[in-house]
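Notes for the one structure printed next.
The values are calculated or read from the model by the stated rules, or taken from the named source; none is laboratory data. These numbers were taken from a predicted model, which means no experiment stands behind them. Every residue, glycine among them, receives a Cβ derived from its backbone with ideal geometry; neighbour counts consider all protein chains shown. Areas reflect the complete protein model, heavy atoms only, side chains present, ligands, DNA and RNA absent. Shrake-Rupley method; radii C 1.70, N 1.55, O 1.52, S 1.80 Å.
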Amino acid sequence: MTGTAPAHHDVLEPAGHPGGDGLVKPEYDDRLANTDLAPLKKQTWSSYNIFAFWMSDVHSVGGYVTAGALFSLGIAAWQVLVALVVGIGIVMVFCNLVAKPSQITGVPYPVINRAVFGVRGANIPAIIRGCIAIAWYGVQTYLAATSLMIIFLKFAPGFSAALDGTTFLGLSPLGYLCYAILWVAQAAVFWRGMEAIKRFIDWAGPAVYVVMIILCVYLVAKAGLGNISLNLSSEQLSLGASIPVMIAAVAAVVSYFSGPMLNFGDFSRYARSFKAVRKGNWLGLPLNFLFFSILTVVTASATVPVFGEMITDPIETVQRIDSGFAILLGGLTFVIATVGINIVANFISPAFDFSNVNPRRISWRMGGMIAAVGSVLLTPWNWYNSDEGILFTLGILGALIGPLFGILISGYYVVSRQRVWVDDMYSMDPSKRYWFRNGYNPNAVASVLIGGVPAIVLVLVGGVVWADSASAILSHAGDFSWFVGCGLGFLAFTLLERVNPRIAHLDRDAEVATSGVGQ
């Protein structure tokens, strides 16, 4: 059924709050467009803004623990660094691939998927990515709340102890208080829009670096440089045995960044050029991640002579330092770090994703708040500490990230040959390119299943059957689900489009297509 295209002033926005920066043309259907989802009027982000985005994404408690943990796998420090560089190099290459279509067209991740999945089918990847973000938003807010709890317990021990005794639904009153403070603070930054978020991440990443360097220098000075060893493992593997571990480490790095990597187009759309995106990715991924990894391993190494044991959790490290100033500075820093990654990785994505489901009723701000409220209802503090909970929720949902990525890359680069008819992504007219079959591209839907089912099986078998395997490849099988799903999704969509093409007639109206060739 075709809908009459409403004028752009009919698109609904929350009363009293400005709309987004997109240009809604009069012919755009309001079931597909609002000022948040429409192509941007101006693209102003520089390479530094992209670099700062990655700093906020890397500089978190989770990133610290992940990087530090790789040094305790039984391989030499140089092998860990090689694995880190290879893994983050893969992430950079894939981020450049997924960034291009959104930067060229100025549209967010769920909208560019309409050119592959169909104007209705794009809700499939949007809802999957949005659900993953909701779960992780709650987890990251909880992790930030634990940092805030340390500050309360240090500086208001009587008040905090009174609130830290009982629990309701698995969390103490103090925990709820800290969670609520962080929840409101993040929502306040988000509610002010992308410009406020850009300003926040522009200084948050460097600020965390400053404190991390201070913490590292303090611990190294206290331990003595000669007492620090960069090999944090209690055992050393032979070269032959270390290769599978290095491969598993590479997979772990890619898996860790798979979420923000998928919807990186939500940010690259704001960049002034694709060249700025590539430069920002180069600075923010291999260079930034390598320096951050070295910083974390030196800090973790220094905890051994200082505290008598290796500590890879920065919150616990700060807590062990018997100084009120250190606890205050460190606690607030890791709060800021976690808030930074939470906003960029887990707030903005569902904001666009849920707005895409019903642009007429759900604005970008409302989409983000749906995610924020949903994160509380999931009570993440309960299932985050459960291996089974993570395996059967985030593990299964996360296994679908690979196929979604592979399908988008195939659809844009191989099948569409980097051509997008932007205005057709906002039309419900069956005669337009992206209507396909009732708004869905059956090849894309089938490819999600072809790539997703084996990836989910790999996560479940790896987590249940091979969890205690002596083989690093088998015991980390879940981390390879992204590669399996991505490869199968890419191949399936490419072959299905060749056998029964849905994205066709690329030479028709080629002069009005937005092309990424040569960019």
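Pairs to check: K154/K198; K42/K279; K198/K275; K279/K432. Give those whose C-alpha atoms are more than 29 Å from each other in this structure.
On the way: K154/K198 32 Å; K42/K279 20 Å; K198/K275 19 Å; K279/K432 36 Å.
Table pairs above 29 Å Cα-Cα are K154/K198; K279/K432.
With a ≥ b ≥ c the root eigenvalues of the C-alpha gyration tensor of the stretch 190-257, is it rounded (a/c under 1.5), prolate (a/b larger than b/c) or oblate?
Judged from the Cα gyration tensor, the stretch 190-257 comes out oblate (a/c at least 1.5, b/c at or above a/b).
Along the Cα-to-C-beta direction of V512, a point sits 7 Å from the Cα; which residues of the stretch 18-48 have their amide N less than 15 Å from that point? Label zone hits: 25-29.
Take the chain with all the other protein chains still there, run a 1.4 Å probe, and you get 39 Å² of accessible area per residue.
Rounded to the nearest 500 deg cm²/dmol, what is the calculated helix-only ellipticity per residue at 222 nm for the chain, with -39500 (n - 2.57) per DSSP H run of length n ≥ 4?
-19500 deg cm²/dmol
Determine the share of the stretch 262-342's accessible area contributed by carbon and sulfur atoms, expressed in whole percent, with a 1.4 angstrom probe. About 64 percent, which is the carbon plus sulfur part of the accessible surface.
Maximal additional length on extending the I214-V414 stretch stands at 67.2 nm, based on 0.36 nm per residue less the C-alpha distance. Taking a sphere under 13 Å around the Cβ of V357 and counting the other residues whose Cβ falls inside, with K and R at +1 and D and E at -1, yields a net charge of +4. Normalising the Debye intensity of the stretch 245-348 to I(0), with uniform scatterers on Cα atoms only, and taking log10 at q = 0.09, 0.11, 0.17, 0.19 Å⁻¹ returns -0.33, -0.49, -1.03, -1.17. Placing a pseudo-label 7 Å from each Cα along the Cα-to-Cβ vector at A180 and W203 gives an inter-label distance of 2.8 nm.
Estimated at 0.36 nm per residue, the fully extended path between I294 and A161 surpasses their Cα-Cα distance by 44.2 nm. By the Stokes-Einstein formula, at 0.890 mPa s and 25 °C, the chain with its Kirkwood radius over alpha-carbon pairs has D equal to 103 µm²/s. Distances between placed amide hydrogens fall under 5 Å for W421 paired with T514, all partners being 5 or more residues away or on another chain. Rounded to the nearest 20 debye, the dipole size of the chain about its Cα centre is 1160 debye, using +1 on the Cβ of Lys and Arg and -1 on the Cβ of Asp and Glu. For the stretch 150-208, the Kirkwood estimate of the hydrodynamic radius, built from every pair of different alpha carbons, is 13.4 Å.
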